[in-house]
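The values are calculated or read from the model by the stated rules, or taken from the named source; none is laboratory data. None of these values were measured; they are calculated from a predicted model. Quick reminder, even Gly has a Cβ in these numbers, built from the backbone with ideal geometry, and neighbours come from all protein chains shown. The area values use the complete protein model at the heavy-atom level, side chains included, leaving out ligands, DNA and RNA. Shrake-Rupley method; radii C 1.70, N 1.55, O 1.52, S 1.80 Å.
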Amino acid sequence: MAAPLLSVEDLRVEFGVDRNVFPAVDGVSFAVDRGATLGIVGESGCGKSVTSLAIMRLVSVPPGRYAGGAIRFDGQDLLRLPESRMRALRGGRMGMIFQEPMTSLNPVYTCGDQIVESLKVHSDLSARAARDRAIELLDLVRLPSPAKRVDDYPHQLSGGQRQRVMIALALANDPDLLIADEPTTALDVTIQAQILELMKDLQDRTGTAILLITHDLGVVAETCDEVVVMYAGTVVEQAPTAALFGDPQHPYTVGLMAAVPRIDVAADRLATIEGSVPPPWQVLAGCRFASRCPLADDRCRNEPPPLRAIAPAHRVACWHAPIDGAAA
Amino acid sequence: MIETIVNRLLLSIPVLLGVLILGFVLVQVAPGDPARVLAGPMAPPEVVATIRERMGLDDPIVVQFMRYMGRLMQGDLGRSLISNKTVISELGAAIGPTVELMFACLIWSIPAGIAMGTLAAVWRGSLVDRVIMAFSVAGVSLPIFFICLVLIQYLGVKWQLLPFIGRGGPLWTVDGLRHIALPALSLGLIFIGPVARMTRSSVLEVLRLDHVRTARAKGLSERAVILRHGLRNALIPVITLIGLQAGYLLGGAVVTETIFSYPGIGRLAVGAILSADFPLTQGAILVLALAFILINMIVDILYALLDPRVQKK
Ligand SMILES: Nc1ncnc2c1ncn2[C@@H]1O[C@H](COP(=O)(O)OP(=O)(O)O)[C@@H](O)[C@H]1O
Ligand code: SF4
Ligand SMILES: [Mg+2]
């Protein structure tokens, strides 16, 4: 088997100073193959954004700190790369889309200029050629009349259109990996579907791998090959999409699934699990999910469950897995 | 853009009218009798009375104001009671030097303030930041006359590096530059503080925004991120602040010109007020008000140029 394009190994990212240091990401591991789509799901605050920013090495240090582990991209450990080489990767072989299309573009430059700026950092295209390429990219993300829109400022576009521009920007230099941190969360439902379809379609054409971060299992089901479920800074379950949906093993994942059909409350689908994620600064001896878990017992509360394989490619961090009768 | 300018001009009409009324009333209630000033301290009371009558000073104040406005409309600001030259020609001679002083002050203090504020923001919490902020607090809190006197004492008197009395000629001559250096330095020092502080907080605020993270994710160098995506956006509120500081700056110019015997509008205004030369006082107030309006108009235009969201409404 070929080495994966990206592999995150036992990543730990901390925030804070002195005695108030807490891990926002605590021993996370996963891998993304070339051309594949990996989803990361979990409730808000469980460390998804920090994980994705860490891959771009964009966590602000301080208050953040890369406290352990490795992030291997095409063999090189990004956490040990000199800043200049890291810069060449950002926006080059790795593109990123963020959650907030309304604020992710700079309001004082035209969309075209912002794409051109990225093209110019990573290639020596002439001004003319870069502009043509920007128009081509806007066409690729299906922005209507791209030759005209290229000179528009972000405030002249709708949220969905801005997210298209962000995608064009992220894809400008033909990245091998596209990181999308909740790319559709801020958009309304019909636009969400369009943007996801666009990303899938572009992936088929360009062969880029996608790391899709979301709190929405519905999105994962439609787009991902494999899923990582995160809870309170750790991976609690990881499986191919079909296996995860067919045979969810972690009580948290099962809780998420139970919440899925409630599309009418789209914004907080996951809130149907009782209670909330413990804040990362809360020190817990055992399983971090214990306070909300219907199966929790004394062992759960005292010993953290390790992530272990219960089937090839299916890993779970729960003392009670495999759950009797939960298998389909 | 044209619309912005026209709007601005229309808005400035009531402001101007207000200034005219205020200037007129202030001169009326100020001590001193213009007829007495014109006639001279030794003139007999009958002469003064005749002059009062001829100048219409015994008419109701509203009538006097209307008469004043009527003449103003025709471009007649009257004559100085002291020099008997027209107010227009007196003001005309003083405007050039004041514009030069403003220019010489702003041309260095705005870029310096912006650069200092940006450095302080980028190195927030460092020694550089603390030194820059201490400097700007000093600039804001020290009275301008004190700064002028300290500079005169050292650069002028002790080390004899620069002249500190009067104007040496137009700005493009060596003597002109040498003479304007100290006044422009003093006036600029009080202006740097607010600009640096505003730039610092504005840059810090902008650097936290989402689009800056996007800029980093594009692979830009930290320098490009700070200048093109931080400072560029941060300038929008800084420009507004500069407009708001215009009055402060004009006030500072009055003090600076007086201390350095620099023949501009500010010193003219002070001289006119002290000698109860009321046509000249009113003229000077009018010019200062116009300058204030003009500076704010330039600021509005710059604002529209810097922020595309304003232009394309
Ligand atoms: N810049 C920061 N400073 C301090 N804490 C942070 C910072 N960024 C994230 N965190 C903490 O890390 C945790 C995970 O956040 P995040 O990765 O944004 O969650 P999400 O899964 O919703 O994307 C949160 O508890 C948050 O408080
Ligand atoms: S380890 Fe225990 S508390 Fe944690 S998820 Fe499994 S059953 Fe629940
Ligand atoms: Mg997030």
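Association of chains B and A removes close to 2000 square angstrom of accessible area from solvent, both sides included, for a probe radius of 1.4 Å. Here the calculated FRET efficiency for A:D77 and B:F103, from their Cβ-Cβ distance with R0 = 41 Å, stands at 0.15, rounded to the nearest 0.05. About its Cα centre, the dipole of chain B is roughly 1300 debye, where the only charges are +1 on Lys and Arg Cβ and -1 on Asp and Glu Cβ.
Taking 7 Å steps out from each Cα toward its Cβ at B:M66 and B:E46 produces label points 3.3 nm apart.
Each of A:I191, B:I165, B:I226, A:I40 has its accessible area taken with a 1.4 Å probe; listed largest first, they run B:I165, A:I191, B:I226, A:I40. For chain A, with a Gaussian network of springs between Cα atoms less than 10 Å apart, report the residue from A:D132, A:D124, A:D188 with the top mean-square fluctuation. Comparing A:D132, A:D124, A:D188 in a Gaussian network model of chain A, the most mobile one is A:D124.
Projecting the Cα atoms of A:G112, A:S49, A:S60 onto the charge dipole of the range A:11-156, computed from C-beta unit charges around the Cα centre, puts A:S60 farthest toward the positive end. Relative to the longest principal axis of the Cα atoms of chain B, the long axis of helix B:127-141 makes an angle of roughly 10 degrees. For the range B:1-88, the relative contact order works out to 19 percent when only alpha carbon pairs closer than 8 Å and six or more residues apart are counted.
Taking the Cα atoms only, what angle lies between the long axis of helix A:111-122 and the longest principal axis of chain A, rounded to 10 degrees? Once rounded, one gets 80 degrees.
Over chain A, consider all pairs of different Cα atoms and compute the Kirkwood hydrodynamic radius from their mean reciprocal separation; express it in Å, one decimal. List each step's numbers first, then the result.
Working: mean 1/r = 0.0484 Å⁻¹.
Taking every pair of different Cα atoms in chain A, averaging 1/r and inverting gives 20.6 Å.
Among A:T223, A:T253, A:T190, the largest mean-square fluctuation in a Gaussian network model of chain A, built with springs joining Cα atoms closer than 10 Å, belongs to A:T190.
Within the protein assembly as shown, antiparallel bridges make up roughly 60 percent of the DSSP beta bridges whose residues both belong there. Taking all Cα pairs closer than 8 Å and separated by 6 or more residues, the relative contact order of chain A comes to 20 percent. What average count of beta carbons from other chains do you get within 10 Å of the Cβ of residues in B:216-229? Counting Cβ atoms of other protein chains within 10 Å of each residue's Cβ and averaging gives 6.
Using 0.36 nm times the number of residues separating B:L22 and B:Y154, minus their current alpha carbon distance, what extension gain do you get? Answer, rounded to one decimal: 43.5 nm.
Given 20 Å bins starting at zero, what is the percent of C-alpha pairs of the protein assembly as shown in each, up to the one with the largest pair distance? That works out to 16, 35, 25, 17, 7, 1, in percent per bin.
Among the protein heavy atoms, those of B:L17 account for about 80 Å² of accessible surface (1.4 Å probe, every chain in place).
Solvent-accessible surface (1.4 Å probe) assigned to B:T240 amounts to roughly 60 Å². When the Cα positions of B:V62, B:G40, B:L17 are compared along the charge dipole of the range B:1-134, B:L17 comes out farthest toward the positive end, with charges on each C-beta of Lys, Arg, Asp and Glu. Would you work out the charge dipole size for the range A:35-102 about its Cα centre, treating the Cβ of every Lys and Arg as +1 and the Cβ of every Asp and Glu as -1, and quote it to the nearest 20 debye? That gives the range A:35-102 a dipole magnitude of about 260 debye. Charging the Cβ of each Asp and Glu at -1 and of each Lys and Arg at +1, and nothing else, the dipole of the protein assembly as shown about its Cα centre rounds to 1700 debye. Label-to-label distance, A:E274 versus A:V61, with points set 7 angstrom from Cα along the beta-carbon direction: 4.2 nm.
Residues of the range B:283-313 that bury at least 30 Å² of accessible area when the other protein chains are present, relative to the chain alone (probe 1.4 Å, heavy atoms, ligands and nucleic acids excluded): B:P308, B:R309, B:K312. Could you check which residue among B:A115, B:A30, B:A104 shows the biggest mean-square fluctuation in a GNM of chain B with a 10 Å Cα cutoff? Among B:A115, B:A30, B:A104, the largest GNM mean-square fluctuation belongs to B:A30. Note on the range B:183-227: with neighbouring protein chains present and a 1.4 Å probe, carbon and sulfur make up 54 percent of its accessible heavy-atom surface.
The calculated 222 nm mean residue ellipticity attributable to helices in the protein assembly as shown amounts to -16500 deg cm²/dmol, summing -39500 (n - 2.57) over DSSP H runs of n ≥ 4 and dividing by all residues. Placing dummy labels 7 Å off each Cα toward the beta-carbon, the span from B:V270 to B:E3 is 4.5 nm.
Which FRET efficiency value, to the nearest 0.05, is calculated for B:I13 and A:S44 with the Förster distance at 41 angstrom and r the Cβ-Cβ distance? After rounding to 0.05, the efficiency reads 0.15.
Normalised per residue, the accessible area of the range A:126-176 is 40 Å², obtained with a 1.4 Å probe and no contribution from ligands, DNA or RNA. The aspartates and glutamates within cross-link reach of B:K85, meaning a Cα-to-Cα straight distance under 17 Å and a gap of 8 or more places when in the same chain, are B:D76, B:D277. Inter-chain neighbour count for A:107-118: the average number of beta-carbon atoms from partner chains within 10 Å of each residue's beta-carbon is 4. Sorted largest first by accessible area at a 1.4 angstrom probe radius, with every protein chain in place, the residues A:S123, B:S141 fall in the order B:S141, A:S123.
Ordered from highest to lowest accessible area with the whole protein assembly present and a 1.4 Å probe, A:W281, B:W123 read as A:W281, B:W123. Per residue, the solvent-accessible area of the range A:20-125 (1.4 Å probe, heavy atoms of protein chains only, all protein chains present) comes to 36 Å². Along the axis of the charge dipole computed for the range B:195-313 (Cβ charges of +1 for Lys and Arg, -1 for Asp and Glu, origin at the Cα centre), the listed residues B:A224, B:I236, B:V270 are led at the positive end by B:A224.
Helix B:45-55 axis versus longest C-alpha principal axis of chain B: approximately 60°, rounded to the nearest ten. Shielding value for A:96-105 is 4, the average number of Cβ atoms from other chains within 10 Å of each residue's Cβ. Accessible surface of B:W108, taken over heavy atoms with a 1.4 Å probe and every protein chain present, rounds to 80 Å².
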